[in-house]
Structures are given as C-alpha cells and as structure tokens.
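Q: Dropping the structure in here first, questions after.
The values are calculated or read from the model by the stated rules, or taken from the named source; none is laboratory data. Everything numeric here is computed off the predicted structure, so don't read it as measured data. Note that each Cβ is placed from the backbone with ideal geometry, even for glycine, and that neighbours are counted across all protein chains shown.
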Amino acid sequence: MKSLWIDTSSYYLYVGIMDQTMLFSKQIRGKNNHSEHLLDTIKEGLASLGWHPSDLERIIVGIGPGSYTGLRVSLTVAKTLAWTLKLPLYTISSLDFALSGYLNDPGCYMVLMHAKKDYHFVKVVQITSSIEVLHEEAYLEDQAIELIQKSCSPSLIISEEGYRYQPEQVPNDFLNRVEDIYLLEPQYLRGEM
C-alpha cells in the first residue's frame, strides 16, 4: 500500500514513503522550523519516485506526545492531505514511531523526548517475541525518570539522537485509524503538565 509517513513531534522531522518496502526516507534535524521543510520534503519524496499526491493510498502521522508547534504542523498537513485526497488517515504514537527501528532487537528500551527544561516525555517497553509496555507514555521530571531507570534497568535509553524511524517494522496494532479528521487533536499529554 502506498503510504506517506510523517512526524514532526521532536527536534527531528521525518518523512517516509512506502509501498511494501521503504522507497524514500528522510530525517531532518531542526528547531521549531519543521513547517519550513515538511511540504518540500514530501514533494521531494514524491518527485523522486515519479509519484503525485493522488498516487498515495493512506497517510500515517505521529500524534504525539511532543512539541506543541511540531505536532500541529504535521497534523495540519496530514489532515489536509487526507481530506483533499479522500485518503484514510492513521495515527501512531510518536514515541512508538521513534522506537520502530528497534522492534526486531530484543531488550528493554526507554524512549525519551525532550519536553522542556528538566522534563521529558517517556515510555518504557520490553521487547521479546512481543512488546510489553513497562511504563506508559508520560510527561515527567528528569528526577522521576531516573527513578524509573533504576527500577527497570533499561538496556538502552533512546533519546532524539538515537531515534530510528522504520515504518516497515511498525506492527498494525500501533496504528489507529482516524474516523473523523475534524475531531483529531494531537496527544500533548497536557493533563499531566
């Protein structure tokens, strides 16, 4: 299925285009400027394949948690494309998406995303033949994260420099189909802020 994958929740903008296998993948480090690069990167990917937006069959977007502005940028683009092209839209946790390149490597992983000074978004998973969530997504002070680290001893801590976006490894149960794009909002985890 011809799929466009986008995420702008962190310091990194990610765009991937797949059709069974990855055909185009680009990750750009930025800082509050993803809106300047997202559409051009999507155009670049489509052009490199000789595709038009109408060739796409679905769109998958990182829903958060993450940067307030970054999430709004990617969701606005994803919703607009899905609505104008009449395509199904799916969301994926941005932390799960950042972890996707590790899903075939057994171990305990703590995924971190910078939130603000002394705070991060965090999720901890154990990967064996299945994926077990040891700590649900949360917005936590760094001291609380250190306590989690001590209690579960993750074999790898993945911060933004270590993200490995690999859409081809994402299991279908990580994706959530959006039934009403008008009601779709980013997952800010603001209830905990």
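Q: Within segment 67-92, which residues are under 13 Å from residue 9 (Cβ atoms), in contact with a Pro (Cβ under 8 Å, 6 or more places away or on another chain) and surrounded by 20 or more Cβ atoms within 10 Å (Cβ to Cβ)?
A: Correct list: 71, 75.
Q: Further question on the same structure: Pairs please, first residue from segment 84-113 and under 17 Å from residue 178 (Cα atoms), second anywhere and among the basic types (Lys, Arg) and not in a loop (DSSP other than H, G, I, E, B), Cβ atoms under 6 Å, 6+ apart in sequence or on different chains.
A: What qualifies is 87/58; 88/58; 90/177.
Q: Given 121, 97, which one is crowded, with 17+ Cβ neighbours inside 10 Å and touching a Gly at 6+ places or on another chain (Cβ under 6 Å)?
A: Step by step, each of 121, 97 is checked, and only 97 is crowded, with 17+ Cβ neighbours inside 10 Å and touching a Gly at 6+ places or on another chain (Cβ under 6 Å).
Q: In the list 163, 188, 182, which residue meets the criterion of being over 19 Å from the mean Cα position of the chain (by Cα) and either closer than 28 Å to residue 21 by Cα or not assigned by TED's automatic domain parsing to the domain that holds residue 113 (or both)? Before you say what the answer is, go through the steps one by one.
A: Details: 163 fails: over 19 Å from the mean Cα position of the chain (by Cα); 188 fails: over 19 Å from the mean Cα position of the chain (by Cα).
Sole residue among the options that is over 19 Å from the mean Cα position of the chain (by Cα) and either closer than 28 Å to residue 21 by Cα or not assigned by TED's automatic domain parsing to the domain that holds residue 113 (or both): 182.
Q: Conditions first: (1) closer than 22 Å to residue 115 by Cβ; (2) in contact with a strand residue (DSSP E or B) (Cβ under 9 Å, 6 or more places away or on another chain); (3) not basic (Lys, Arg). Residue 35 passes all but one, so which condition is the exception?
A: Condition not satisfied by residue 35: (2).
Q: Which residues, taken from segment 161-193, are in contact with a strand residue (DSSP E or B) (Cβ under 6 Å, 6 or more places away or on another chain), more than 18 Å from residue 83 (Cα to Cα) and among the charged types (D, E, K, R)?
A: Residues satisfying the conditions are 168, 192.
Here's the yes/no breakdown for (1) modelled with pLDDT under 95; (2) among the aromatic types (Phe, Trp, Tyr); (3) in contact with a Leu (Cβ under 7 Å, 6 or more places away or on another chain):
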residue	(1), (2), (3)
118	yes, no, no
144	yes, no, no
147	yes, no, no
176	no, no, no
181	yes, no, yes
186	yes, no, yes
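Q: Kindly check whether there is at least one residue in segment 124-136 that is at pLDDT below 95, surrounded by 14 or more Cβ atoms within 10 Å (Cβ to Cβ) and of a type in the set (Gly, Ala, Ser).
A: no
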